[in-house]
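Worksheet: the structure to be examined is printed underneath.
Every number in this text was worked out from the coordinates using simple rules, so none of it is lab data. Source: prediction; values computed, not measured. Neighbour counts are summed over all protein chains in view; Cβ atoms, including those assigned to glycine, are modelled from backbone coordinates with ideal geometry.
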Amino acid sequence: MEHDHPFKKPKTRGIISRPLSLVVIIVLTLGVLLTLLNIYELHKMREDYAAHLTPTMEAKEGKYASKQPIVWIEGKNKHSGYLKHVYAVFDRIGYAVGDAESDWDILWSHEYPFESLSKKISIAKPHQKINHFPGSGYISNKVFLATTNTSFIPKAFKIPSETKKFLAYTKRHPNKMWVQKKNTHRGVKIKKTDGKGL
């Protein structure tokens, strides 16, 4: 006859304690709910994206015609191939390529368009978007940024117009290193002037 020892723990049969199993169930339930919510959100995003790309119908001369969104791509020698990635992206998202005379939706200009295309831009319709905004040339041009004379950008000079200022500065700071960058975006060099200029 077998007797249980009075201090012996009763055997558990592989069942997790009740509070721990409740925590596990709650965590699993929340995980499933979050996954379902993410799937729903992704589905809605895909529907919105598809609706955005689907050509809209508009009346033209009393007839209904399909209208794709139109992009006007502008740049010097634009058909030479350097903008092929721009054409490819707009083609992939369903845009037809137009020109200045089209009822364009987007003007994608390689250059800053606000001077050369000012007449067309000044009569742009509210739905027409441009890939630049006025003043963006200033904040994206390295020469303008470098010569703004701010405390967080190293001192810079436009050569040849500021050569005298540069030479005076290098005499006062002979041990400074300088980055020499041409306007052609080629030939970047790091130089020490020893107070003699570049």
Checklist outcome for this item: Classified through the alpha carbon gyration tensor (a ≥ b ≥ c as square roots of its eigenvalues; rounded if a/c is under 1.5, else prolate when a/b is larger than b/c, else oblate), region 56-135 comes out oblate
Checklist entry - What number, in percent, do you get for the relative contact order of region 90-193 if the mean sequence gap of Cα pairs under 8 Å and at least 6 apart is divided by its residue count? => result 14
Checklist entry - What are the residues whose amide H is under 5 Å from the amide H of residue 98, where those residues sit 5 or more places off or on another chain and H is modelled from the backbone? => result 71, 72, 73
Checklist outcome for this item: Given backbone amide H placed at 1.01 Å from N, residues whose amide H is under 5 Å from that of residue 192, ignoring those fewer than 5 places away on the same chain, are 178
Item to check | Chain lengthening between residue 192 and residue 35 when straightened (0.36 nm per residue, less Cα-Cα) | outcome: 50.7 nm
Checklist outcome for this item: As a percent rounded to 5, the proportion of antiparallel DSSP bridges among beta bridges in region 56-135 is 35
Item to check | For region 163-180, Karplus couplings with θ = phi - 60° (6.51, -1.76, 1.60), whole Hz, Gly/Pro x | outcome: 4, 4, 4, 4, 4, 5, 5, 5, 5, 6, 10, x, 9, 6, 8, 10, 9, 9
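Summing Lys, Arg as +1 and Asp, Glu as -1, what charge do residues with Cβ under 15 Å from the Cβ of residue 83 carry, residue 83 excluded?
Within the 15 Å Cβ shell, the charges total 0.
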Item to check | Percent RCO, i.e. relative contact order, over region 141-192, from Cα pairs under 8 Å lying at least 6 residues apart | outcome: 20
Item to check | region 141-192, dipole about Cα centre (Lys/Arg Cβ +1, Asp/Glu Cβ -1), debye to the nearest 20 | outcome: 200
Checklist entry - Can you list residues whose amide H is under 5 Å from residue 130's amide H, if they're 5+ apart or on another chain and H is modeled 1.01 Å from N? => result 107
